[in-house]
Amino acid sequence: MTATGNKEDVYAEFEKFSRFQLFQYILICCPIVMVSMMHVNYIFVAENVDHRCLVPECEDSQDPSVEIPEWWPTGVNARCFKPVVDMQNYDSTNQTCSNNTFLDVLEECHEWVYENNNSIIAELNLGCQSWKSSFVGSLHNAGMVLSMMVTGWIADKIGRKPTIIICSVGGLVGVLKIFLTNYYVYLVIEFTESVLVSGLYTVAVVLLIEIGGDSKRVLGGVIFSYAVYVGEVLFAFIAMGLKYWKLLVIVVYTPTILFFSYLVLLRESVRWQMIRGKTNEAKNTLKLIGKFNKLKVTSEEIDEISDADLRIKFDVVIQKEKEKMRDILASKETMIRLAVTSFCFFASSFTYYGLMVQSVLLPGNKYTNFILSSLTAFPGDFLAFVCFKRFGRNISLQGAYVASALFLIAQSFTPEYLSWLKVVLFLFGKCGVAFCFTGIYTYSLELFPTSVRGSLVGFGNTAARVGSMLAPLTPLMVGNLDSLPSILFASAAIIAALLLTFTPETKYLPMFDTIAQIEHYKSKIMTHL
């Protein structure tokens with residue numbers, strides 16, 4: 001074999017998954033786990049707790065029970081209204097209360113007795129205002145919408161590494177919540193924290209894909225999703241053990257200070273550096289990869305290779321002109337892909353987080369149900385990995401959306417006395433949705449070019465966060481029709497499956513670097529047709 005041939009083989013080794021890539025994957029997954037816990041913490045931190053109105057004149061002790069007292073008037077809502085004490089009758093009975101101690105008048109309740117102080121409901125005195133606890137989750141997801149709108153663009157402009165660090169360390173803002181006693185200030189902090197950290201979901205998966213290379217595109221998406229699910233399961237176990245919401249916040253948010261170390265430990269995407277013309281920085285990263293992975297190439301040899309030859313070896317096209325929003329809008333093919341993936345993101349997120357909220361309402365222990373719901377995501381992702389590799393992305397996603405819809409509809413119409421069957425069908429539906437969520441992340445990364453991948457995946461993630469913003473409100477629909485949430489989830493999944501007929505199979509396609517390459521590929525396909 002010639003020296004040139006050997007050298008070509010060495011440069012091919014740079015994109016093979018080895019020690020460097022594994023170390024970077026671990027670094028990227030750690031903040032994903034933490035942010036995942038932040039994203040679902042409201043399910044327990046802002047969960048509703050049993051409560052009743054406090055009637056100071058009649059309470060028997062300094063620590064009254066949430067149980068309805070014997071003296072409480074019959075037919076009076078103990079949660080929202082309190083009976084007015086007839087003081088003359090009250091004094092005549094030695095200041096003791098009975099069913100006859102009250103006037104035929106009710107007052108709106110402003111003080112409550114709570115079953116426990118494990119959530120902000122008791123701490124912020126939100127009794128009889130269940131919409132306020134649901135709104136915490138919706139506002140958190142609204143912050144995610146704003147974050148997704150800008151984070152992908154920022155990652156494309158300044159790089160993947162600095163954006164990940166900003167998002168990871170931003171979680172420290174959440175610690176402020178433990179010092180708050182005002183609901184509206186709490187909302188401000190919740191929203192701010194979400195805006196700072198949520199963009200990690202966009203940039204982290206992009207960096208995983210770009211570090212792993214073409215051969216690990218599906219694996220990168222699956223590992224990203226597994227990191228998210230590990231965070232959810234870990235949070236459920238922590239919540240089960242600690243219960244008190246302030247301890248939960250401290251445990252989940254304070255470790256993010258460690259991510260300042262990523263200024264030294266984390267490396268930028270070589271592909272992003274090359275496409276942005278930052279060849280010197282790319283060469284420095286390659287030197288580190290060569291040292292980590294013990295490749296037979298010296299620093300001098302990397303320095304001596306020309307910028308053009310380096311890009312050729314890694315099949316990277318430098319942008320002569322930066323592609324902007326008008327280039328995206330002008331590309332019909334890109335806009336179709338963006339529209340389809342955005343709805344798929346919405347459907348996956350709306351259903352996934354809707355089912356996460358619904359899981360604590362299932363028969364049985366709420367912590368156990370939440371853990372089981374999170375654990376079903378693992379086989380769902382494994383199925384996505386297997387099916388994507390064997391059957392392709394598009395057909396696998398369509399099948400998963402349809403299957404999850406069928407399971408959820410079946411679950412909603414299963415009789416209540418078959419509670420075990422309802423739980424099983426629910427978990428199968430959740431497994432299918434996890435398949436879809438992971439699948440659309442991986443699929444969208446392959447559909448969009450490197451030049452605008454962060455921005456367009458970020459746009460899709462924005463649509464996902466609209467779905468997750470609506471998800472915490474779904475329990476409020478149960479009062480109208482018990483099966484309504486499941487019908488909405490299934491409908492969204494079916495529409496997503498139908499829309500996927502307009503996007504191409506990417507299993508055998510390369511990772512495109514520019515919009516122009518996508519348009520050129522599309523024109524070739526149309527010409528052959």
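The values are calculated or read from the model by the stated rules, or taken from the named source; none is laboratory data. A quick note: this is a predicted structure, and the numbers were derived from the prediction, not measured. Neighbour counts are summed over all protein chains in view; Cβ atoms, including those assigned to glycine, are modelled from backbone coordinates with ideal geometry. All accessible areas refer to the heavy atoms of the entire protein, side chains included, with ligands and DNA or RNA removed. Shrake-Rupley method; radii C 1.70, N 1.55, O 1.52, S 1.80 Å.
Overall shape: prolate for the range 161-284, with the ratio a/c of the largest to smallest alpha carbon gyration tensor axis at 1.5 or above and a/b above b/c. Computed over the chain, the P(r) tail beyond 41 angstrom holds 30 percent of alpha carbon pairs. Computed from Cα positions, the angle between helix 366-375 and the longest principal axis of the chain comes to roughly 10 degrees.
Simple spin-label estimate for R19 and Y244 gives 4.6 nm between the two label positions (7 Å along the Cα-to-Cβ direction from each Cα). Take the range 57-125 with all the other protein chains still there, run a 1.4 Å probe, and you get 64 Å² of accessible area per residue. Other residues with beta-carbon under 13 Å from the beta-carbon of F413 carry, at +1 per Lys or Arg and -1 per Asp or Glu, a net charge of -1. Along its three principal directions, the equivalent ellipsoid of the range 77-204 from the Cα gyration tensor extends over semi-axes of 49, 13, 9 Å, largest first. Spin-label model, F237/L498: points 7 Å from Cα along the beta carbon direction are separated by 4.3 nm.
For T96 and E304, the difference between the fully extended length at 0.36 nm per residue and the C-alpha to C-alpha distance is 65.6 nm.
For the chain, the mean residue ellipticity at 222 nm estimated from helices alone is -20500 deg cm²/dmol, where every DSSP H run of n ≥ 4 contributes -39500 (n - 2.57) and the total is divided by all residues, rounded to the nearest 500. Listed as lacking a disulfide-compatible partner in the chain: C29, C30, C167, C344, C387, C431, C436, by the criterion of no other cysteine Cβ under 4.7 Å.
Which shape class, rounded, prolate or oblate, goes with the range 44-126 when its Cα gyration tensor gives a ≥ b ≥ c as root eigenvalues, a/c under 1.5 marks rounded, and past that a/b bigger than b/c marks prolate? Here the range 44-126 falls in the prolate category. Taking Lys and Arg as +1 and Asp and Glu as -1, the other residues whose beta-carbon sits under 15 Å from that of S130 total 0.
Let a ≥ b ≥ c be the square roots of the eigenvalues of the Cα gyration tensor of the range 386-516; is it rounded (a/c under 1.5), or, if not, prolate (a/b larger than b/c) or oblate? The shape class here is prolate. Most tightly packed first, judged by the mean number of other beta-carbon atoms within 10 Å of their residues, the peptides 448-460, 263-275, 504-516 read 448-460, 263-275, 504-516. In the chain, the portion of solvent-accessible area held by carbon and sulfur atoms comes to 63 percent [1.4 Å probe, whole percent, DNA, RNA and ligands not counted]. Once the 1.4 Å probe is applied to the protein heavy atoms, the range 226-282 comes out at 41 Å² accessible per residue. Considering only the other residues whose Cβ falls under 14 Å of the Cβ of C387, what net charge follows from Lys and Arg at +1 and Asp and Glu at -1? With Lys, Arg at +1 and Asp, Glu at -1, the net is +2.
Projected over all directions and averaged, the alpha-carbon convex hull of the range 52-96 occupies 3.3 nm². Taking each of K287/K507; K287/K389; K366/K422; K16/K389 in turn, the alpha-carbon distance tops 26 angstrom for K287/K507; K287/K389. Approximating the spin labels as points 7 Å out from Cα along Cα→Cβ, the I26-to-R326 distance works out to 4.8 nm. Convex hull of alpha carbon positions in the range 223-338: directionally averaged projected area 12.0 nm².
Highest average first, the peptides 433-443, 293-303, 463-473 ordered by how many other beta carbon atoms sit within 10 Å of their residues are 433-443, 463-473, 293-303. In the full protein context, the range 351-448 carries 36 Å² of accessible surface per residue, based on a 1.4 Å probe and ignoring ligands, DNA and RNA. Rounded to the nearest 10 degrees, the angle from helix 3-13 to the longest Cα principal axis of the chain is 10 degrees.
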